[in-house]
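Input: a single structure, listed below in structure tokens.
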Amino acid sequence: MSTTGAPTTPAAAMHEAAPARPVWHVALVRPETMTLVLLIVAIIVASYLSPYFLDIGYILRSFTLSAEFALVALVLTMVIIAGEIDLSPASNMALSACLFAWAQASGIPMPIAIAIGLLAGLAMGALNAFMVIALQLPSIIVTIGTLTLYRGLAQIIAGDKSIRVPDWFIGIDKVMVLGIPVPVVIFIVAALVLGLILAGTIFGRQIYQIGTNEVAARYAGIRTRRIKLTLFLLIGLVSAVAGMMTASRLGSVRYDLGLGGELQMVLMAMLGGTYIFGGRGTILGTFLAAWLLVVVSTGMTVANLLPAIQLTVLGVLLIVAIIATNFIYSRTQR
Amino acid sequence: MNIVRSILVRRETGIAVMIVLLCLAVGLYKPQFLTLNQLRVILLLVPLIMIVAMGQMLVLVARHVDLSVGSMLGLSAMLAGMMFRDMPYIPWPVGFVVAIGAGALLGLLNGALVTVFKLPAIIVTLGTLNLYRGLTFIVSDARQVDRQFVPSALKSMSQTSPIFGIPWIIFMALGIVLLAWWFTRHTIVGRQIFALGSNPSAAELRGVKVNQITLLVFTISGALSGLAGIMYASRWGFVNPSNTGAGFEFQVIAAVVIGGVSINGGVGTVPGVMLGVLLLGCVAAALPLLGIPGTAQGAIYGAIILVALLIDRSVRQQGIASLKMVRA
Amino acid sequence: MLKKSLIALATGLALSTAAFAQDKIDIVFIGKNTGNPYFDSLTKGFVEACEKIACNFEFVAPATAEATSQIPFIEAQIQRGVDVIAISPNSPDALNQVFDAARAKGIIVMTVNGDITGNESHRDLTILPTDFTKVGADQVEMVGSLIGYDGEIAILSATTEAPDQNFWIKGMSEAIKDPKYAKMKLVATVYGDDQPEKSTTEMEALLSNYPDLKGVIAPTTVGVAAAAQVVQSRGIADKVKVTGLGLPSEMRDFVKDGTVEAFQLWSPYNEGWLAAHLAVDLKAGKAKNEVGSTFEVPNLGTITINEGNSINTQSSLTTFNAENIDQFDF
């Protein structure tokens, strides 16, 4: 895990202004370190709460239940770093999965049905991008609107019933690679690829620059609109993939697939130290935060705690994470 | 200033015209839509949204957003309901004090998190949306307050009053609207909210106490959600930890945005929001009458939000480009 | 092959532990969602049964009733190694996979209060509150007696695809063909999605669209309370009769002030009571999960396992009215 996606670019000027911070300081005072510490604490607490918790097979199985959201959260991290936000992916998952399921149920061959689902995801990403980039509307409200709209459309298509998918399509979470369920493998591979892109390519650097100062980035010759469009299309496409992974895991599709998932996705990005105003954050952070969330909710569920306590803990976690992130950034990168 | 005002006036006329056209169109197809009975249905549908929308409007004008209104409504309603159930010797009007007080405290906490830690309201209230809902489950031990425990005097407020038999809660909503109108038009603090929302740094330089105003708008939003909470108990006769107020934030934000409140702050009028709420009420009452299944409702709400955004943009083309996210 | 032998091993282990140690068995009941008053009474049945017989009981439920919200809870129970999972499923098919996983570990999966219609092979048995084939006819008779067997009636249901609701509605439209109900006409079926707000607007729309309406059947606890409230608020209780399936705790006020004369339901308490007894008997080998076999439950008498491994807690609906409603504490 050497994804050193540190947003060093904005801080480059610091080298002249202030003496370099000691290495331990750079390594320790980072949001990802906070996430890692929380993760370790959570594992210890969960094992203490229930003797049934500490079982790697069970934790992996539980992770498959959140793997789809975690996958989207990786891309969402990049969107937030670029200074935008997307609250519609969970609804996108539902609508693309409904379209896919509806298509294959009405006799369209499977490959074409899958293509329809993926294209729908792209189209939804494109609509968000159009409203945000071409019409200059704030992404937060646009995607609150499309969040309602996409799920509403899914409800019109599927009604209140669930649509079955063929038997061979069911059970992606039961397929193992080296003893790890496929959705988890997909998540890990996606984290590696996106982490490398964000930390190690010019494209990745440019995302940070847009989020730090969009006007400056534009003057520096960065095609900000094109990059944002790419990100919105990517999150649309990945949401569609996540929707179909969910369909395969559940064996059927209903309009309420992934309901409320946007909160979990935002939570993963925030807990991983992504800065809500853009310009800072890493894939490693979101990767760790996804595991943290799974450990927290699984630990509480297997201990038979009231789900109300889970809601409360999630809400507190979100607020604490963002306070801590703000604090750490204000200390280290003035 | 004159130009802006005339545009705003047009905006409200626009919504009013839309309401009239919608009612006429539905009325042509279903004449019973244009009866006194139907007016009663619509007016009974909107008071809760109307009251919460007035608070949300102030928050949006101050360049923030409050997503936790539904959970604040639920928690304050639950506290009042539990008081009715477990302490029946306390006179029931105290329930108003409890609910409004609880709501105000919750709103104040939102405001404090936003001002003290300089956090974006959208994330803070997304967090408290869950936190307050979770607390509702915890304080109530996940149990509903049943109908028999809600005082009948409170329930009858949603059914009748001495004045032409028009239910009290309609008058209460009207009272809050008038109060909000007076507050935004004729008080210094009310005007300062607009100054703050249009240009925070300029407002600060001109002596507007930004932090206090921010705390105030969130507290008002919370208190009004609390008032709506006790009115929920009155209207529906029960308080449920999971249903009461759930998803309310979307309806409220949709109504406020339709009413012409800019999400970029500084712009919005009480009559506009009132009409926005009424328009949503008309739509909600017309759908079942026309036999349109409830499944279409979500898509219609979402489309309405997006259309309102587009109208908002075409009306105020400039000034938006510089603002992307709701920044603190 | 390996999988099969593993399953055999697991079930064998489960059986042998049950046979050797007369330990208490672990039963967990997973409700649709927390804060749902219906399940308070059902849970009480389990709790009181487990105070008398050899079982430990726990109740869990997700915060929301969407299709997939129960999955993590079932996974957690598998991990905890409980003996019996009783569940009121939120989805007729989204739980199939995880039910299979539970049964592969030797856990008995019983659906309580509602079945996974069309996917019955993924659970062991179902405990239904009453004979669902009679609900439609009973409800039509109920509304008929209230309106003097003459006039227009309508149905206010939950969601359009709720399997039980649709089954009962079908029963109602069959029953109404009886010559006894010749003067009654079913004019509309509307859906309030089990939300008070939507049920209310749908009920108001019914009254506007059908001014001659005489009776409304709402076979859902949320719907019947909302319908009663509309009638109460408009003051037309003598003109429009509301009945349906309701919880006494939610309907008591409406019955006392005359808004609703009578409504029906079953006993959720007995469902829990029966489920707990059956679970213990099955694990102890005293009862067999086979169609046609019978077993004894205290207070309820002899219970038979019907076609499709389904069990009815009571044979017909209980009617609640002003005389008897105070005898029920749920």
In region C:133-179, the residues that are of a type in the set (S, T, N, Q) and over 24 Å from residue C:212 (Cβ atoms): C:133, C:159, C:160, C:165, C:166
All positions within region A:293-316 that are open to solvent by 20 Å² or more (accessible area, probe 1.4 Å), more than 22 Å from the chain's Cα centre (by Cα) and aliphatic (A, V, I, L, M): A:303, A:305, A:306, A:309
For residue C:177: the one exception among (1) assigned to a loop (DSSP other than H, G, I, E, B); (2) crowded, with 17+ Cβ neighbours inside 10 Å; (3) modelled with pLDDT of 90 or more: (2)
Some residue of region C:60-76 being open to solvent by 10 Å² or more (accessible area, probe 1.4 Å), of a type in the set (S, T, N, Q) and either in the same structural domain as residue C:159 (by TED's automatic domain parsing) or assigned to a helix (DSSP H, G or I) (or both): no
Only listed residue being aromatic (Phe, Trp, Tyr) and open to solvent by 10 Å² or more (accessible area, probe 1.4 Å), chosen from A:69, A:53: A:69
Qualifying residue in region B:245-256 (condition: farther than 23 Å from residue B:20 by Cβ and facing chain C (nearest Cβ under 9 Å)): yes
Condition broken by residue B:227, with the remaining ones in (1) surrounded by fewer than 17 Cβ atoms within 10 Å (Cβ to Cβ); (2) closer than 24 Å to residue B:112 by Cα satisfied: (1)
Whichever residue in region A:258-273 is away from chain C (no Cβ under 12 Å) and assigned to a loop (DSSP other than H, G, I, E, B) and, among such residues, is nearest to residue A:68 (Cα to Cα): A:272
Listing of helices (runs of 4 or more DSSP H) fully contained in region A:198-253 that carry 1 or more residues being touching a Gly at 6+ places or on another chain (Cβ under 6 Å) and surrounded by 23 or more Cβ atoms within 10 Å (Cβ to Cβ): A:202-212, A:224-250
Condition met for residue A:324 (within 14 Å of chain B (Cβ to nearest Cβ), open to solvent by 20 Å² or more (accessible area, probe 1.4 Å) and over 16 Å from the mean Cα position of the chain (by Cα)): yes
Matching entry among C:164, C:138 (being among the charged types (D, E, K, R), without any contact (Cβ under 8 Å) to a residue 60 or more places away in the chain, open to solvent by less than 50 Å² (accessible area, probe 1.4 Å) and not in a loop (DSSP other than H, G, I, E, B)): C:164
Residues of region C:77-93 satisfying the condition of being farther than 17 Å from residue C:126 by Cα and either more than 9 Å from every other protein chain (Cβ to nearest Cβ) or in contact (Cβ under 8 Å) with a residue 12 or more places away in the chain (or both): C:77, C:78, C:80, C:81, C:82
Pairs, first within 11 Å of chain B (Cβ to nearest Cβ) and over 19 Å from residue B:257 (Cβ atoms) in region A:117-146, second of a type outside the set (Lys, Arg) and assigned to a helix (DSSP H, G or I), C-beta under 7 Å, six or more apart: A:133/A:229
Residue in region C:141-151 that is β-branched (Val, Ile, Thr), assigned to a strand (DSSP E or B) and open to solvent by less than 20 Å² (accessible area, probe 1.4 Å) present: no
Residues satisfying the stated conditions in region C:206-251, i.e. more than 28 Å from the chain's Cα centre (by Cα), at pLDDT 90 or above and not in a loop (DSSP other than H, G, I, E, B): C:207, C:213
Members of region C:56-72 found to be touching a Pro at 6+ places or on another chain (Cβ under 8 Å) and either more than 7 Å from every other protein chain (Cβ to nearest Cβ) or among the small types (Gly, Ala, Ser) (or both), listed by number: C:61, C:63, C:69, C:70
Filtered residue count, region C:121-135, keeping only those that are assigned to a helix (DSSP H, G or I) and surrounded by 22 or more Cβ atoms within 10 Å (Cβ to Cβ): 1
Considering residues of region B:82-113 that are within 14 Å of another protein chain (Cβ to nearest Cβ) and open to solvent by 10 Å² or more (accessible area, probe 1.4 Å) only, the residue farthest from residue B:196 (Cα to Cα): B:85
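The values are calculated or read from the model by the stated rules, or taken from the named source; none is laboratory data. Keep in mind that this is a model prediction, so the values were computed, not measured. Positions of Cβ are backbone-derived with ideal geometry, glycine not excepted, and every protein chain shown enters the neighbour counts. These area figures cover heavy atoms from the full protein model, side chains too; ligands, DNA and RNA do not enter into them. Shrake-Rupley method; radii C 1.70, N 1.55, O 1.52, S 1.80 Å.
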